[in-house]
Structure formats: structure tokens, C-alpha cells
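To keep things clear, I will list the structure first and then write my remarks on it.
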Amino acid sequence: MSVSQASSSRILVVGAGAIGSFYGAALQAAGAEVSVVCRSEHDAVREHGFFIESKSLGDRHFRPVQTLRSVQDYQGGAPDYLVLSVKVVEGTDRAALIRDAVGPDTVIVLIENGVEIEAEIAEAFPRNELISALAFVQVSRTGPGRVKHFAFGDLAFGNFPSGLSERAKRLAAMLEAGGIKANTTEDVVSARWQKCLWNAAFNPISVLGAVLDTDDMLGPPDGEALVRAVMQEICAVAAATGHPLPAALPEQYISATRKAPAYKTSMALDFENGRPMETEVILGNAVRAGRREGVPIPRLEMLYSLMKMVERKTGKTPAKQ
């Protein structure tokens, strides 16, 4: 992709936390015009931009074209791409968050965790192209407008419910130009189950073990065995929904996680800082899919029940089951 092609793309990132700012910085590095909506760190970002620390990509200073408190403040017409990267937690109306910025030709891009999360947006914007994306990255906020990239960084995506459009390919080219490996697929639902394989194991265990990092979880043999067993249940559910995963994937994920620096999961960080957790989309949706398909999932159901107990104790609203 030429610089002129990238610079002609107007991109609005809604939810510019660690994930949104990390990929927003890559898109701007490719030459795109990137604006962000961020609330809690608005003043710091508007004044100084984002500082992203990364050994593999190099440190970056990302100054958005517009730094906004809401999509209603976006100037210059509808964006070409609207990237939604908010946490998918109970009570969040994602369609309402973006509606005022979505134009008839806007491509909506979801960079969010979980399985079976697209229907809400697809139903709210049936005429807009929808790209579903998964971030395979270890990145965290370290302060207002400050982000640390620990490892990985690939983004996997495709059109929902299936396919790969020219505008999806154009987004991939921009990301690649900005230093991000973009793995495109015509079967993004299977890719979501692949991401769930890691998330549904490591995230809840990290919380239930009193904020364990990845080394803590994989250190004892019984810890690794539990992670592996949970992953095997996710594989069974994915296969029952028509999206079988490669048999070697659990071992590949465990090996890659061992080689990476010790890392606290996103759910552990949310728990540690008193924020709502993505229990439902990371774990609850997988459990419901397993029940729907009649797949035995005793470990997943146990983890889910324990997570709901934790949410109840910490004041989170119990989920509808």
C-alpha cells in the first residue's frame, strides 16, 4: 500500500486503552489519519498523546489527530473505519457507543475478546461492513497515556460472518505497514475460538488464584495440566459448533506462553484494579455454547461458577444464565 492510500483513510478508535492505542499507533505509523475516543485519560492524551514502550517494535509516540470524549465530537464526516476496542462487559451498549459516528460507508472493526459477540453490532448496523478482529498481544497500561508492549502483537481478522473484503485487505496492508502482522481469514469465527482457547483457560485461573501471572499458572505440573484440560474442553465446544481447531494448538499456546515474559492477564488486571471483568464473553459464552451443543465441560462450568461467586462478592451484577 502506498503512503497516499494509507493517508486517505480516516480511522476512529473508540476505546483507546492499551489495545486501542497500540493498534491505533500502528495505523498512524502507516500514514492513516487516526483519532481516538478516550474518557478516563482524555486530558493526558490530548496534551501529550500516547507513549508506547515496545522492545520488538521500538518505542512510539502516538499523537491522535483528534482526542475526543465521545463519538459525537468527531469532526470531518464519518470515518472510513471505526475500530471498537472497549471491553465487552455486562451493561455496555456497544451499539449506542458508536452509533453517532457510523456513516453509511463506515467499516466497523471489533478488536475485542470473546466468542459469539458480533450479533449485537451486526443487528444494529445491518448495512455496514463488519470486521471481527482478535488481538494476540500482551500489552498493558502503565499510567495515563502510557502503554507497555510485552510480547506478540499479531492481529487476526476477517469479515463477519465470513469472507474477506477488499476493505479488510486494505486494513491488513495498513497494519503491516505499521509493523503489525495481520493474519486475515475467511473464517473469523474459528479464529475467535482459537483466541478463546487461551483466554478461557488463563484469564479465570489467574483471577481465581489471587492474581497469578502466566509463570505462576504454568509453574507447577498441576497448573499446566489444568490449563491443558480447560483448553481441551474449549476444543470440544468449538468442534461441536462447526469450528474444529487444530489438535496441536493447546500445546503450541502453552509453549509460546512459557517462552514469553511472565504476564498478568487482562482479567487479572481488571480484578486487581476493581474494574468489571469480561467473564461473560470470555467464559460465559463458551459455557453456554457447550451446554447448547451438549458437550461435557465440567472444568469450564466450575471456573464459570467460581468467577460468578467472585463477581458477586466484589459487587458485580450476577449474570443472566
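Could you check A191 against (1) modelled with pLDDT under 95; (2) assigned to a helix (DSSP H, G or I); (3) closer than 30 Å to E41 by Cα and say which number it fails?
Every condition holds for A191 apart from (3).
List, please: which pairs have Cβ atoms under 6 Å, are six or more places apart or on different chains, and start with a residue in segment 113-142 that is over 21 Å from D80 (Cα atoms) and end with one that is acidic (D, E) and part of a loop (DSSP other than H, G, I, E, B)?
Pairs found: N113/E278.
Looking at K264 and the list (1) within 21 Å of P296 (Cα to Cα); (2) touching an Asp or Glu at 6+ places or on another chain (Cβ under 8 Å), which single condition is not satisfied?
Only one criterion is unmet by K264, namely (1).
Please determine, by comparing only the residues of segment 105-116 that are assigned to a loop (DSSP other than H, G, I, E, B) and more than 17 Å from the chain's Cα centre (by Cα), which one is farthest from Q138 (Cα to Cα).
D105
When you check I205 against the structure, is it at pLDDT 95 or above, not assigned by TED's automatic domain parsing to the domain that holds Y253 and not hydroxyl-bearing (S, T, Y), yes or no?
no
Which of the residues that make up segment 207-261 are free of Cβ contacts under 8 Å to residues at least 40 places away in the same chain, outside any helix (DSSP H, G or I), hydrophobic (A, V, I, L, M, F, W, C) and over 26 Å from N273 (Cα atoms)?
A247, A248
If only one of A156, A191, A173 is within 27 Å of K259 (Cβ to Cβ) and either more than 14 Å from the chain's Cα centre (by Cα) or without any contact (Cβ under 8 Å) to a residue 40 or more places away in the chain (or both), which one is it? Quick ask: steps written out before the conclusion?
Working: A191 fails: either more than 14 Å from the chain's Cα centre (by Cα) or without any contact (Cβ under 8 Å) to a residue 40 or more places away in the chain (or both); A173 fails: within 27 Å of K259 (Cβ to Cβ).
Answer to the check: A156.
Sort out which residues of segment 153-187 are over 18 Å from S85 (Cα atoms), among the hydrophobic types (A, V, I, L, M, F, W, C) and out of contact with any Ser or Thr (no Cβ under 6 Å at 6 or more places or on another chain), and write them in order of number.
A173, A177
Considering only segment 252-267, I want to know if a residue exists there that is under 23 Å from G153 (Cα atoms), touching a Lys or Arg at 6+ places or on another chain (Cβ under 9 Å) and in the same structural domain as A200 (by TED's automatic domain parsing).
Taking every residue of segment 252-267 in turn, at least one turns out to be under 23 Å from G153 (Cα atoms), touching a Lys or Arg at 6+ places or on another chain (Cβ under 9 Å) and in the same structural domain as A200 (by TED's automatic domain parsing).
Considering segment 257-289 alone, what residues qualify as being in contact with a Phe, Trp or Tyr (Cβ under 8 Å, 6 or more places away or on another chain) and within 20 Å of R192 (Cβ to Cβ)?
In the first step, residues of segment 257-289 are kept if they are in contact with a Phe, Trp or Tyr (Cβ under 8 Å, 6 or more places away or on another chain); the result is 257, 260-261, 263, 265, 277, 279, 283-284, 287.
Matches in segment 257-289: T257, T265, M277, T279, L283, G284, V287.
Checking E166 against (1) modelled with pLDDT of 95 or more; (2) crowded, with 17+ Cβ neighbours inside 10 Å: exactly one of these is not met. Which one?
(2)
Taking only segment 85-104 into account, find how many residues are closer than 11 Å to E120 by Cβ and either outside the structural domain of A122 (by TED's automatic domain parsing) or under 12 Å from the mean Cα position of the chain (by Cα) (or both).
Residues that pass the stated criteria total 1.
Within segment 293-308, is even one residue farther than 30 Å from K55 by Cβ, out of contact with any strand residue (DSSP E or B) (no Cβ under 6 Å at 6 or more places or on another chain) and of a type in the set (S, T, N, Q)?
Within segment 293-308, one or more residues are farther than 30 Å from K55 by Cβ, out of contact with any strand residue (DSSP E or B) (no Cβ under 6 Å at 6 or more places or on another chain) and of a type in the set (S, T, N, Q).
Considering each of V65, V37 in turn, give the residue that is among the hydrophobic types (A, V, I, L, M, F, W, C), out of contact with any Pro (no Cβ under 9 Å at 6 or more places or on another chain), surrounded by fewer than 19 Cβ atoms within 10 Å (Cβ to Cβ) and without any contact (Cβ under 8 Å) to a residue 60 or more places away in the chain.
V65
The values are calculated or read from the model by the stated rules, or taken from the named source; none is laboratory data. On a predicted model such as this, the values are computed, not experimentally measured, just so you know. So basically every Cβ, Gly included, is an ideal-geometry build from the backbone, and we count neighbours across all protein chains shown.
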